[in-house]
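Data block below; observations after.
The values are calculated or read from the model by the stated rules, or taken from the named source; none is laboratory data. Remember, it's a predicted structure, so these values are computed and weren't measured experimentally. Cβ placement follows ideal geometry from the backbone for every residue including glycine, while neighbour counts extend to all protein chains displayed.
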Amino acid sequence: MPYSLKAAAAAGVLLLATACGSSGTSSSAGGFDPPDLKPRKQLGKTEGKVNLIAWAGYVEDGSNDPKVDWVSDFEKQTGCQVSSKTAASSDEMVSLMKSGQYDAVSASGDASLRLIASGDAAPVNTTLVPHYKDVFAGLKKKDWNSVDGVPYGIPHGRGANLLMYNTKKVSPAPDSWSAVFDQASAHKGKVTAYDSPIYIADAALYLMKSKPSLGIKNPYALDQKQFDAAVDLLKDQNRNIGEYWSDYLKEISAFKSGNSVVGTSWQVIVNATQAEKAPVKAVLPKEGATGWSDTWMISAKAKHPNCAYKWMDWIISPKVNAQVAEYFGEAPANEKACALTAAKNHCDTFHAADEPYWKRVHFWTTPVAQCLDGRKDAKCVPYAKWVQAWTEIKG
């Protein structure tokens, strides 16, 4: 799920992970050779507790809202007492997982490959997770959660990064990311963008369509020339940015006040901003979009692996997956969750079962030196360099 980067603290982690290789499914570039870890063959007696790292809103026990609690029933049914640490960023998750104190993490695609490459995440035996069979096919064995067809986690949910705009200030209604790039000067000082190095992929995605001569095939696989073009585009955009956002409440406030009129957003933010009576709409632009898909991954050093497996199955069980998807604001991973959401149109709003929609979304994947688009004759820019460039872009 989206994050705000803590670049300095994570620099060592990033350099290590990006040096370790690349990603992929069985159809990927190959050559990414994670440590030889084996998934569990069977489950044993539960250990009585489980320590989780999660995004805010993923592990709710009623303490934030008495009506929002899917942890208590899990504890009653399994005997596994849940301790959770809320992480503010993917880099914090990577760092915490290295400590060996946690059993599982709800990693986004910009963290998952780092955890696999460094040997901090273990492969998962999906036969030990009965509800995995009901996970949407479009979430299984993808670049960000598997290597050579071996799953390294259990999909939790997904979302797209949309283009949100003020219907009274932005006319005609935009259908292209050009609204925040080539045409951003029309709303100088009121353009907003997501505050993260992974946002460089949004510029690369736009250049895929607007400058085909660059030959970009995957916004997370950029050679130096392609990367430089994306960075230059973002430096140009910076002159028109009013503010970058990572806290979604700040984006809602900025659109409500009129300080922002166009920029990247999430469906949950669109819904909340409309609920605040702000005149906004959102679109998945014609170029497609980047997006995020979160995966529950088990630590290779898990001290409570049996409880961790029980948790992974619980969080994607239909009722619980419906609850968390609705509370958080995302498309659930479990197909059967759609019949159980309180708002009957939730899965339609978040395009849960709309696979053609998701085919237009390029999910966050950790950029690594070996190009993820299959090129053997090129070297791609790894994530550590994205972090450095992001600092330069923002000035």
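Checked against (1) within 15 Å of the chain's Cα centre (by Cα); (2) assigned by TED's automatic domain parsing to the domain that holds residue 267, residue 56 meets all criteria but (2).
Taking each residue of the range 258-279 that is more than 18 Å from residue 346 (Cα to Cα) and looking for partners that are of a type in the set (Ser, Thr, Tyr) and part of a loop (DSSP other than H, G, I, E, B) with beta-carbon atoms closer than 9 Å, six or more apart or interchain, yields 279/167. If the Cβ limit is 7 Å and pairs must be 6+ apart or interchain, which residue in the range 125-136 that is in a strand (DSSP E or B) pairs with which residue that is of a type in the set (S, T, N, Q) and at pLDDT 95 or above? Matching pairs, first to second residue: 135/334. In the range 223-244 there is no residue that is surrounded by fewer than 19 Cβ atoms within 10 Å (Cβ to Cβ) and within 26 Å of residue 357 (Cβ to Cβ). Within the range 352-380, the set of residues being basic (Lys, Arg) and more than 18 Å from the chain's Cα centre (by Cα) comprises 375, 376, 379. Candidates are the residues of the range 312-332 that are under 20 Å from residue 354 (Cβ atoms) and among the acidic types (Asp, Glu); the one that is farthest from the chain's Cα centre (by Cα) is 326.
Could you tell me how many of the residues in the range 315-353 are at negative phi, touching a residue at least 12 places away in the same chain (Cβ under 8 Å) and part of a loop (DSSP other than H, G, I, E, B)?
We begin by selecting, within the range 315-353, every residue at negative phi; these are 315-328, 330-350, 352-353.
From what's left, touching a residue at least 12 places away in the same chain (Cβ under 8 Å): 315-328, 330-343, 346-347, 349-350, 352-353.
Next, only the ones that are part of a loop (DSSP other than H, G, I, E, B) stay: 316-317, 330, 333, 341-343, 350, 352-353.
Qualifying residue count for the region: 10.
So in the range 297-333, with the set limited to residues that are of a type outside the set (Gly, Ala, Ser) and more than 25 Å from residue 49 (Cα to Cα), which one is surrounded by the most Cβ atoms within 10 Å (Cβ to Cβ)? Filtering first and then ranking leaves 332. For the range 245-284: of the residues being surrounded by fewer than 21 Cβ atoms within 10 Å (Cβ to Cβ) and among the hydroxyl-bearing types (Ser, Thr, Tyr), which is farthest from residue 327 (Cα to Cα)? Ranking the candidates gives 257 first. Of the residues making up the range 275-293, at least one is assigned by TED's automatic domain parsing to the domain that holds residue 181, at pLDDT below 95 and part of a helix (DSSP H, G or I). Does the range 145-152 contain at least one residue that is acidic (Asp, Glu) and either surrounded by 15 or more Cβ atoms within 10 Å (Cβ to Cβ) or within 29 Å of residue 269 (Cβ to Cβ) (or both)? The answer is no, given that none of the residues of the range 145-152 is acidic (Asp, Glu) and either surrounded by 15 or more Cβ atoms within 10 Å (Cβ to Cβ) or within 29 Å of residue 269 (Cβ to Cβ) (or both). Determine whether the range 376-392 contains at least one residue that is touching an Asp or Glu at 6+ places or on another chain (Cβ under 8 Å), of a type outside the set (A, V, I, L, M, F, W, C) and assigned to a loop (DSSP other than H, G, I, E, B). Within the range 376-392, not a single residue is touching an Asp or Glu at 6+ places or on another chain (Cβ under 8 Å), of a type outside the set (A, V, I, L, M, F, W, C) and assigned to a loop (DSSP other than H, G, I, E, B). Taken as a whole, the condition of being surrounded by fewer than 21 Cβ atoms within 10 Å (Cβ to Cβ), among the polar types (S, T, N, Q) and modelled with pLDDT of 50 or more does not apply to residue 25. Going through (1) surrounded by fewer than 24 Cβ atoms within 10 Å (Cβ to Cβ); (2) over 30 Å from residue 255 (Cα atoms) one by one, residue 171 falls short only on (2).
Residues of the range 61-78 that are within 18 Å of residue 46 (Cβ to Cβ) and of a type in the set (Gly, Ala, Ser): 72 alone.
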